[in-house]
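All remarks here apply to the structure that follows.
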Amino acid sequence: VQLQAFGGGLVQAGGSLRLSCAASGSINSIGAVGWYRQSPGKQRELVASVMSGGSTYYADSVKGRFTISRDNSKNTVYLQMNSLKPEDTAVYYCNSPYLQSLGYWGQGTQVTVSS
């Protein structure tokens, strides 16, 4: 299974974007899926994750603004991002602990928030 992130773009501060993470196969087979981001000069960080059963985790920096969800029937995980801030600017990736253990990182999608 491979994961492909898309949906990024340029948005003004306070705006919204929805990212999608499409799996080439069944996401049920890879368990939890997370959204990560990396900005220049910073380490990649986990932003949000969703378990197979629907339980979620959010980094403190995005709580109340971002919502992660998964549609197992469409093999897709979404990240709804509201009230975007310039500090949210980064390349966003989706991945799973299982795929990471295999050394896999797919292509990310750029999110740029202008002030």
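The values are calculated or read from the model by the stated rules, or taken from the named source; none is laboratory data. The model shown is predicted, which means the values in this text are computed figures rather than measured ones. Here the Cβ is made from the backbone with ideal geometry for all residues, glycine too, and neighbour counts use every protein chain on show.
VAL11 - would you say it is in contact with a Gly (Cβ under 9 Å, 6 or more places away or on another chain) and either within 21 Å of SER114 (Cα to Cα) or of a type in the set (A, V, I, L, M) (or both)? No. For the stretch 1-55, filtered to residues that are over 14 Å from SER69 (Cβ atoms) and charged (D, E, K, R), the residue that is surrounded by the most Cβ atoms within 10 Å (Cβ to Cβ) is ARG37.
Of all residues in the stretch 96-115, those satisfying the criterion of being in a loop (DSSP other than H, G, I, E, B), touching a residue at least 60 places away in the same chain (Cβ under 8 Å) and small (Gly, Ala, Ser) are SER96, GLY106, GLY108, SER115. Filtered by the rule that a residue be hydroxyl-bearing (Ser, Thr, Tyr) and modelled with pLDDT of 95 or more, the stretch 77-115 gives TYR78, SER83, THR89, TYR92, TYR93, THR109, THR112, SER114.
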